[in-house]
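**Student:** First the structure, then my questions, so here it is.
The values are calculated or read from the model by the stated rules, or taken from the named source; none is laboratory data. Quantities reported herein were computed from a predicted structural model and do not represent experimental measurements. Because the Cβ atoms are built from the backbone with ideal geometry, glycine has one as well, and the counts that use them run over all protein chains shown.
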Amino acid sequence: MKSRPDNQSIETLRGSITSVGFSSGHQFVIGHWPVSPIGPFADVMWRGADGSKTLIASAEAADYITGIYPFDDLVAATVTVTDGVGGRGGNRLIVESDPLTLLLTIGRLVVPFPPRPRWVTETAERLTARALLGVNTYGVSPTGVEEWYRTRSVRRVVGGRGTLHGTDLGTLARLNRPMEVGFSEPPSKPTHVRLRVDVRQSG
């Protein structure tokens, strides 16, 4: 697929995506976006043990996200992410919302990436990401939005616990089922990725 050469209508988000699974069968992809077209926000994409796909986000964030990705259900709730990764926070990532609370421990830096243009993300980086992490870095979402995921760093999630509706989620586990939300699946191992995402709305 060849992207259009113009930069018109390109929107950029900068932040992190953290993907984790638990022995209870629940899987989560946490987006933390200090920079976005709608201002700072965080969200949680939740694949339930029953297979349901739910978005947890504020009303404004949900309106933006569901324009790109489809979900079976929506929980309208503010998501707060406290990110101490790489700083003085002891490499902890804390996620708080109604109904979810997560306390994750993030490991050392695995791979740093230099800045690069979008065409690299569409070509060489796309192949490398598939080989190393089993993910895709460029594609079109189910709603027709073109996206580039430009990774800046990769770390493993090495510990974690949490509760959902007050019930313990169990031990940290691999993501053993597809999320089936966007054009790419997250890594199967729990992972924390800092990145820049460029999106181009169709039309």
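**Student:** When you go through Val193, Val181, Val197 one by one, which is the residue that is farther than 21 Å from Thr105 by Cβ, in a strand (DSSP E or B) and either within 12 Å of the chain's Cα centre (by Cα) or aromatic (Phe, Trp, Tyr) (or both)? Step through it out loud before you land on a result.
**Tutor:** Details: Val193 fails: farther than 21 Å from Thr105 by Cβ; Val181 fails: in a strand (DSSP E or B).
None of the other options fit; the residue is Val197.
**Student:** I'm trying to understand the selection: among the residues of segment 37-53, which are of a type in the set (Gly, Ala, Ser) and over 20 Å from Leu93 (Cα atoms)?
**Tutor:** As a first pass, look at segment 37-53 and keep what is of a type in the set (Gly, Ala, Ser): 39, 42, 48-49, 51-52.
Gly39, Gly48, Ala49, Gly51, Ser52, listed by residue number.
**Student:** Considering only segment 25-57, how many residues are surrounded by 15 or more Cβ atoms within 10 Å (Cβ to Cβ) and assigned to a loop (DSSP other than H, G, I, E, B)?
**Tutor:** Total satisfying the criteria: 4.
**Student:** Which condition number in (1) among the polar types (S, T, N, Q); (2) without any contact (Cβ under 8 Å) to a residue 24 or more places away in the chain; (3) surrounded by 14 or more Cβ atoms within 10 Å (Cβ to Cβ) is the one that Thr151 fails?
**Tutor:** (2)
**Student:** Also: On the given criteria, is Thr78 crowded, with 22+ Cβ neighbours inside 10 Å, hydroxyl-bearing (Ser, Thr, Tyr) and closer than 28 Å to Arg156 by Cα?
**Tutor:** no
**Student:** Next question. Filter segment 58-68 down to residues that are among the aliphatic types (A, V, I, L, M) and assigned to a helix (DSSP H, G or I) and give me whichever is farthest from Phe183 (Cα to Cα).
**Tutor:** Taking the candidates together, the pick is Ala59.
**Student:** Can we say Tyr64 is among the aromatic types (Phe, Trp, Tyr), out of contact with any Gly (no Cβ under 6 Å at 6 or more places or on another chain) and at pLDDT below 95? Talk me through it step by step, then tell me what you get.
**Tutor:** Details: among the aromatic types (Phe, Trp, Tyr): yes; out of contact with any Gly (no Cβ under 6 Å at 6 or more places or on another chain): yes; at pLDDT below 95: no.
It is false that Tyr64 is among the aromatic types (Phe, Trp, Tyr), out of contact with any Gly (no Cβ under 6 Å at 6 or more places or on another chain) and at pLDDT below 95.
**Student:** Look at Val85 and say whether it is in contact with a strand residue (DSSP E or B) (Cβ under 8 Å, 6 or more places away or on another chain), modelled with pLDDT under 95, not small (Gly, Ala, Ser) and not in a strand (DSSP E or B).
**Tutor:** Spelling it out, Val85 is indeed in contact with a strand residue (DSSP E or B) (Cβ under 8 Å, 6 or more places away or on another chain), modelled with pLDDT under 95, not small (Gly, Ala, Ser) and not in a strand (DSSP E or B).
**Student:** Output yes when any residue across segment 106-125 is modelled with pLDDT of 85 or more, closer than 26 Å to Gly86 by Cβ and hydroxyl-bearing (Ser, Thr, Tyr), and no when none is.
**Tutor:** Checked segment 106-125: no residue is modelled with pLDDT of 85 or more, closer than 26 Å to Gly86 by Cβ and hydroxyl-bearing (Ser, Thr, Tyr).
**Student:** Which one of these is in contact with an Asp or Glu (Cβ under 7 Å, 6 or more places away or on another chain) and in a strand (DSSP E or B): Leu102, Leu93, Leu109? Lay out the reasoning, then the answer.
**Tutor:** Working: Leu102 fails: in contact with an Asp or Glu (Cβ under 7 Å, 6 or more places away or on another chain); Leu109 fails: in contact with an Asp or Glu (Cβ under 7 Å, 6 or more places away or on another chain).
The match here is Leu93.
**Student:** Restricting the search to segment 128-178, which residues are part of a loop (DSSP other than H, G, I, E, B), within 26 Å of Leu13 (Cα to Cα) and in contact with a Pro (Cβ under 8 Å, 6 or more places away or on another chain)?
**Tutor:** Gly134, Val135, Pro142, Thr143, Leu175
**Student:** In this structure, does Phe71 turn out to be in a loop (DSSP other than H, G, I, E, B), among the aromatic types (Phe, Trp, Tyr), surrounded by 18 or more Cβ atoms within 10 Å (Cβ to Cβ) and modelled with pLDDT of 95 or more?
**Tutor:** The answer is yes for Phe71.
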